[in-house]
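Visitor: Starting off with a structure, shown below.
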Amino acid sequence: MEPRILGLHHVTAIAGNAQRNFDFYTKVLDLRFLKKTVNFDDPGTYHFYFGDETGSAGTILTFFPWEHITPGRRGIGQATEIGYSVPAGSFDFWMKRFDEHGVTYNKPSEKFGEQYLTFLDPDGLKLELIVSKTDDPRTPWTTPEVGAAVATKGFHTVTLTLANIKATAEILTDVFGYTLQEQHVNRYRYMTDTVQGAAYIDLVEVPGEARSVTAGGSVHHIAFRVKDDAAELFIRQKLIEKGLQPTPQIDRDYFHSVYFREPGGVLFEIATENPGFTVDEPLAELGTGLKLPKQHEHRRKQLEASLPPIN
């Protein structure tokens with residue numbers, strides 16, 4: 001059997017103030033802080049990872065917090081919405097919690113027969129809580145404040161806003177193995193049957209929309225999951241045959257990555273499950289120390305002095 005894409009792996013976005021970003025995702029959404037490291041290409045900037053207990057693929061939201069970044073703008077050529085799966089009956093809890101923390105949100109609505117609640121993080125990143133109409137068996141990360149009856153289980157959907165969906169849809173179907181599940185007006189939902197969570201990509205077609213500006217509160221890229229290096233290289237070859245220009249495989253310490261710009265303009269990544277987040281910290285201590293890529297380890301003292309403290 002040919003290797004296949006196994007849904008979403010992670011989503012990476014851009015934030016401003018690092019402490020504010022850390023506080024929102026660990027103290028409002030109550031995600032687990034998985035890793036405190038730095039941007040490979042800009043080591044003077046943190047790279048934060050949030051997710052479930054182990055950093056399972058399909059639960060990982062990561063950020064580059066650039067302190068003085070200007071606000072971005074949602075538009076075509078961008079991933080514009082990140083949807084989290086939550087249990088039925090949890091919206092009252094989340095709306096009360098959002099009120100307590102001053103979070104901007106809309107009243108619940110429905111699409112594709114699923115209830116969803118839209119809200120913004122402190123940088124304006126658009127997120128959704130979604131009650132899936134299919135079973136989501138994933139075990140959530142829980143805390144004393146956010147129990148299993150309401151906690152996020154990981155990603156449900158990522159939405160791409162595009163001028164024309166045709167070429168992007170062909171990547172999803174012909175290379176990634178997704179199928180068109182539903183359509184409502186200009187929103188098209190694609191899914192993979194390889195996983196039960198993090199299985200959906202929505203394409204929204206808006207030909208007259210302005211182009212996006214990727215900056216604060218924007219998604220930088222979305223990553224799709226593969227089992228291992230062999231599967232990644234197989235998919236990479238399929239992308240080349242499709243006329244795209246994926247990068248060589250790059251070691252990102254916790255997974256191996258191949259990047260490419262899909263035809264609609266969104267930066268896609270293929271990311272492996274291996275080696276995982278416990279490669280440099282034991283499970284119980286994830287996120288407690290500053291972990292540096294080996295090429296930046298010689299700058300540890302300088303970086304520790306220059307990076308803002310996180311409490």
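Visitor: Report for the chain the percent antiparallel among DSSP-assigned beta bridges with both residues inside it, nearest 5.
Guide: DSSP beta bridges in the chain are roughly 65 percent antiparallel.
Visitor: Okay, moving on. Keeping every protein chain present and rolling a 1.4 Å probe, give me the accessible area per residue for the chain in Å².
Guide: Working: 13160 Å² over 311 residues.
Per-residue accessible area for the chain comes out at 42 Å².
Visitor: Right, here's the next one. Using unit Cβ charges (K, R positive; D, E negative) and no other charged atoms, how large, in debye to the nearest 20, is the dipole of segment 1-97 about its Cα centre?
Guide: Values: 10 positive and 10 negative charges, 44 e Å.
The calculation lands at about 220 debye.
Visitor: Return the label of the correct value of Cα Rg over 2.2 N^0.38 Å, as calculated from the structure shown, out of (1) 0.95; (2) 1.16; (3) 0.89.
Guide: Here Cα Rg over 2.2 N^0.38 Å agrees with entry (1).
Visitor: Another question, if that's okay. Can you figure out the FRET efficiency of Glu297 with Asp228, using R₀ = 35 Å and their beta-carbon distance, to the nearest 0.05?
Guide: Details: r = 26 Å, r/R0 = 0.75.
E between Glu297 and Asp228, to the nearest 0.05, is 0.85.
Visitor: Now for a different question. Using alpha carbon centroids, what distance separates segment 198-221 and segment 236-311, in Å?
Guide: 22
Visitor: Another one. Looking at the chain as a GNM with Cα springs under 10 Å, which of Glu285, Glu273, Glu232 has the largest mean-square fluctuation?
Guide: Glu285
Visitor: Using θ = phi - 60° and the Karplus form 6.51 cos²θ - 1.76 cosθ + 1.60, what ³J(HN,Hα) does each residue of segment 233-242 get, whole Hz, x for Gly and Pro?
Guide: With the stated coefficients, segment 233-242 comes to 5, 5, 5, 4, 5, 5, 5, 4, 5, 7 Hz.
Visitor: Testing the spin-label approximation: label points 7 Å from Cα along Cα→Cβ at Leu180 and Gln237. State their distance in nm.
Guide: So the two model labels end up 3.0 nm from each other.
Visitor: Stretched out fully, how many nm does the piece from Asp92 to Ser109 gain, at 0.36 nm a residue minus the Cα gap? The partial results should precede the final answer.
Guide: On the way: separation 17, 0.36 × 17 = 6.12 nm, distance 1.33 nm.
Taking 0.36 nm per residue and subtracting the Cα distance, the gain is 4.8 nm.
Visitor: Starting from the Cα of Lys107, draw a straight line to each of the lysines and keep only those under 26 Å, dropping any in the same chain fewer than 8 residues away.
Guide: Lys27, Lys96, Lys126, Lys133, Lys153
Visitor: Would you grab the residues whose amide H sits under 5 Å from the one on Trp141? Only those 5+ places off in sequence or on another chain, please, with H modelled 1.01 Å from N.
Guide: Amide H neighbours of Trp141: Glu53.
Visitor: Still on this structure, please answer the following. Counting only DSSP beta bridges with both residues in segment 42-143, tell me the antiparallel percent, nearest 5.
Guide: Antiparallel: roughly 75 percent of the beta bridges in segment 42-143.
Visitor: Which residue, Glu170, Glu110, Glu281, has the most motion in a Gaussian network model of the chain that connects Cα atoms within less than 10 Å?
Guide: Maximum fluctuation in the GNM of the chain, among the listed residues, is at Glu110.
Visitor: If you place +1 on the Cβ of every Lys and Arg and -1 on the Cβ of every Asp and Glu, how big does the dipole about the Cα centre of the chain come out, in debye to the nearest 20?
Guide: 440
Visitor: May I ask you to give the percent of accessible area on segment 1-104 that is carbon plus sulfur, with a probe radius of 1.4 Å?
Guide: Using a 1.4 Å probe with all protein chains present, segment 1-104 comes out at 51 percent carbon and sulfur.
Visitor: Evaluate the charge dipole of segment 196-260 about its Cα centre and quote only its size in Debye, nearest 20, assuming +1 on the Cβ of each Lys and Arg and -1 on the Cβ of each Asp and Glu. Before the final figure, lay out each step's value.
Guide: Numbers: 7 positive and 9 negative charges, 16 e Å.
Using only the charged Cβ atoms, the result is roughly 80 debye.
Visitor: Oh, and also: To the nearest µm²/s, what D does Stokes-Einstein give for segment 179-311 at 20 °C and 1.002 mPa s, using the Kirkwood radius over alpha carbon pairs as Rh?
Guide: Approximately 119 µm²/s, per Stokes-Einstein.
Visitor: Out of Thr70, Thr134, Thr37, any idea which swings most in a Gaussian network model of the chain, alpha carbons joined below 10 Å?
Guide: Highest fluctuation among the options: Thr134.
Visitor: Would you work out which of His298, Ala163, Ser85 lies farthest towards the positive end of the dipole of the chain, given +1 charges on the beta-carbon of Lys and Arg and -1 on that of Asp and Glu, about the Cα centre?
Guide: Most positive-ward Cα: Ala163.
The values are calculated or read from the model by the stated rules, or taken from the named source; none is laboratory data. Computed from a prediction, not measured in an experiment: that's the story for all the values here. As a convention, Cβ positions derive from the backbone with ideal geometry for all residues, glycine included, and neighbour counts pool all protein chains shown. When the accessible area is computed, the model is the full protein with side chains, heavy atoms only, and any ligands, DNA or RNA have been set aside. Shrake-Rupley method; radii C 1.70, N 1.55, O 1.52, S 1.80 Å.
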